[in-house]
Amino acid sequence: AINLADAGSIVAAAEQIGPFDCLFNVAGVSSGAGDAVYVNTVNFLGPRLLTELLLPRIREGGAVVSVASISASRYADNRAQNSGLVATKGFADGQQWVRDNIDALTIRAKGMAALDAIPKPLGRLSQPEEQAAALLFLNSPIASYVNGHVLWVDGGLAGARAIGAILA
C-alpha cells in the first residue's frame, strides 16, 4: 500500500518497483475533504513525487498518464494561481507553498451534490470500462505521438463548454 500524503511511504513503495511499461496516476481525494494541504498533497504532490521516482524505470515507449476528475476541468482558469505550486521543488516545499498561499487556492468543500449537478451531455455518467479504454489507448503504440495533451473522457462536457452550449 502507498500513502500519497506521506513522502516516506511513496519513496518506500517506489524502491520496490522494478522496470514497467506504464504509470497511471489514478488516485485523489475530493476538495470536499476541506483540508487544502491534504488535498493538494494527495492529488498533486504525491503523484508528482511518485512519477519523478519511477520515471527512470519506465521501459522505452512507456507512458505516464495522470487522471483528474471533471472537477479539475477548469484548471486553465486557475493556472496563474497554481503556477507557484507547480514550480515548487520537492514534497515539503510544495506543502509549505500550499500553507503560505491557502487564500489563493480554489479548494472549496462542494461535496457530491455539486458533482451530481455537473451537466451530462450524453445524459449519463461514464462507465469504468470507458475510462479504462482511454488509459489503454494512451499506453498503446497507437498513441506514441500523443504527448502533453489533456484527453477529456467526459461525454462531451468540455467540448460543449468550449462552444458555449453549456455555461456551468
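The values are calculated or read from the model by the stated rules, or taken from the named source; none is laboratory data. Note that the coordinates shown come from a computational prediction; the quantities given were computed from them, not determined experimentally. A quick note on method: Cβ atoms are made from the backbone with ideal geometry, for glycine too, and the neighbour counts reach across all protein chains shown. Protein only, heavy atoms only, side chains kept; ligands, DNA and RNA dropped before computing areas. Shrake-Rupley method; radii C 1.70, N 1.55, O 1.52, S 1.80 Å.
Output wanted: per-residue J couplings in Hz (rounded whole) for the range 148-154, from phi through Karplus 6.51 cos²θ - 1.76 cosθ + 1.60, θ = phi - 60°, x for Gly and Pro.
Karplus-based 3J(HN,Hα) across the range 148-154 equals x, 10, 8, 9, 7, 10, 9 Hz.
In the range 1-96, which trypsin sites (Lys or Arg not before Pro) fall in coil by DSSP and have 16 or fewer other Cβ atoms within 10 Å?
When the trypsin sites (Lys or Arg not before Pro) of the range 1-96 are filtered for loop state and at most 16 Cβ neighbours within 10 Å, R74, K89 remain.
Would you rank Y145, Y38 by solvent-accessible area, highest first, keeping every protein chain in place and using a 1.4 Å probe?
Working: Y145 215, Y38 95 Å².
Largest accessible area first, the list is Y145, Y38.
Rounded, prolate or oblate for the range 1-99? Axes are the square roots of the Cα gyration tensor eigenvalues, ordered a ≥ b ≥ c, and the cut-off for rounded is a/c under 1.5.
Prolate, because a/c is 1.5 or more and a/b exceeds b/c.
Residue by residue through the range 21-29, what is 3J(HN,Hα) from phi via Karplus (6.51 cos²θ - 1.76 cosθ + 1.60, θ = phi - 60°)? Round to whole Hz and write x for glycine and proline.
With the stated coefficients, the range 21-29 comes to 8, 7, 10, 10, 7, 10, 8, x, 10 Hz.
Just checking my list [x] 2, 9, 16, 21, 20, 16, 10, 5, 2, 0, 0; [y] 1, 7, 14, 18, 19, 18, 13, 7, 2, 0; [z] 2, 7, 14, 15, 14, 12, 10, 8, 6, 4, 3, 2, 1, 0, 0, 0 against P(r) over Cα pairs in 5 Å bins from 0, in percent computed from this structure; which label fits?
[y]
Which residue, Q81, Q16, Q95, tops the fluctuation ranking in a GNM of the chain built on C-alpha contacts under 10 Å?
Q16
If you add up the charges near G46, with Lys and Arg at +1 and Asp and Glu at -1, over every other residue whose beta carbon is less than 15 angstrom from its beta carbon, what do you get?
-3
How much accessible area per residue does the range 39-99 have, in Å², with a 1.4 Å probe? All intermediate terms of the calculation are to be shown ahead of the outcome.
Numbers: 3440 Å² over 61 residues.
Value returned for the range 39-99: 56 Å² of accessible area per residue.
Quantify, in whole percent, the carbon and sulfur part of the accessible surface of the range 1-41 (1.4 Å probe; protein heavy atoms only).
So the carbon and sulfur contribution to the accessible surface is 53 percent.
Would you mind calculating the gained length between S144 and L55 on full extension (0.36 nm times residue separation, minus the Cα-Cα distance), in nm to one decimal?
Gain in length upon complete extension: 30.4 nm.
Once amide H atoms are built 1.01 Å from N in the peptide plane, which residues 5 or more positions from A27, or in another chain, come under 5 Å H to H?
V67
Give me, ordered by chain and number, the residues 5 or more places off V64 or on other chains with an amide H under 5 Å from its own placed amide H.
Amide H neighbours of V64, under 5 Å, 5+ apart: L23.
Can you tell me which of N40, N139, N147 moves the most in a GNM of the chain? Springs connect C-alpha atoms under 10 Å apart.
Checking each option, the largest mean-square fluctuation is seen for N147.
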